[in-house]
Amino acid sequence: MTQLAPDPRGADLPVLDQLDRSVWNALHGPHAALAVRRGRVVTYPDDVARFSSLPEHPTPDDWSDAAALVGTQGMLLLTGDVPEAPAGWTVLMDLPGVQMVATDAVASAPDAETVRLDLHDPADVADALALVEHTQPGPFFERTMAMGTYLGVRREGRLVAMAGERLHPEGAVEISAVCTDAAWRGQGLGTRLVHAVAHGIRERGEVPFLHASASNTGAIRLYEQLGFRLRRPTRFAALRPPGGTAELS
């Protein structure tokens, strides 16, 4: 059974040490089949997600393997406790973030209007990519839906809202890509989708969690209203290897 710890603001939060290194533990756990490896460095395929992870105390050989893994045209995207990069690496982004975990206050229920999006249906993938392009909820690629269940709402034949599962360390699943087309906002579709995705996670006996930029106070307030609570501050960092040419778009 998941242990609980007191939140400073009075809520109870699950104690899930797996979340301290969520990418590493996902790629060495439920997402191991998706892992691309070089030495001790692991990453997702480029068409699934761009997150990578190094050992907790990386050696020079680990950094060399990371550079070889991403290549001169790529970058190393890390989250959590980001280790200090050695000389020659360029920090392209170092963004403060928050990690939030669902408390019992987060409602979870199936939603009859939601449909499961199918990774193997080219129309579903195209609709999801188009919605992400218009709403910009964060990185989403051709095979991101391989990471877990993605649910959507269609209106007038169009996909107008979506949410799904991303990082999956043992015992917890990240809710991600929560987005609604501008023409359909204000109807609670995002909240309903979060509840529906959370329901599927809890049905498997796992705990929903999520990440947000620390500067996105509007989203953080919304998630707090839904019953999520801050577990810990975190970071999102993009590092370019020595001799690399990648730039943030």
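Couple of notes before you dig in:
- Kirkwood Rh and Cα Rg combined as Rg/Rh, the range 120-245: 0.98
- With Cα atoms, 0 to 90° folded angle of helix 122-135 axis to the chain main axis: 80 degrees
- Taking VAL178, VAL125, VAL23 as the candidate residues, the one with maximal mean-square fluctuation in a Gaussian network model of the chain, Cα springs under 10 Å, is VAL125.
- For the range 205-249: accessible area per residue (Å², 1.4 Å): 48 Å²
- Highest-MSF residue in the chain out of MET93, MET147, MET75 [GNM, Cα springs under 10 Å]: MET93
- Where labels lie 7 Å past Cα in the beta-carbon direction, separation of ASP118 and SER213 in nm: 3.6 nm
- Label-to-label distance, nm, for residues given as ASP94 and ALA33 (7 Å Cα→Cβ offset): 3.9 nm
- In Å², nearest 10: area of TRP184 left accessible to a 1.4 Å probe: 40 Å²
- Cα-only Debye scattering, the chain: base-10 log of I(q)/I(0) at q = 0.10, 0.11, 0.13 Å⁻¹: -0.48, -0.59, -0.83
- When the solvent-accessible area of the chain is split by element, carbon and sulfur atoms take up 50 percent of it, the probe being 1.4 Å.
- Per residue, the range 32-138 exposes 52 Å² of accessible surface when a 1.4 Å probe is rolled over the protein heavy atoms with every protein chain present.
- Where only C-alpha atoms are counted, convex hull volume of the range 8-116 per residue in Å³: 166 Å³
- Shape category assigned to the range 177-224 from the gyration tensor of Cα positions, a/c cut at 1.5: oblate
- The length gained on full extension between ALA126 and ARG154, counted as 0.36 nm times the residue separation minus their Cα-Cα distance, comes to 8.7 nm.
- Intensity falloff of the range 191-249 expressed as log10 I(q)/I(0), Debye formula with alpha-carbon point scatterers, at q = 0.16, 0.17, 0.27 Å⁻¹: -0.69, -0.73, -1.18
The values are calculated or read from the model by the stated rules, or taken from the named source; none is laboratory data. What you see is a predicted model; the values in this text were computed from it and never measured. Reconstructed Cβ throughout: ideal geometry from the backbone, glycine too, with neighbour counts over all protein chains shown. All accessible areas refer to the heavy atoms of the entire protein, side chains included, with ligands and DNA or RNA removed. Shrake-Rupley method; radii C 1.70, N 1.55, O 1.52, S 1.80 Å.
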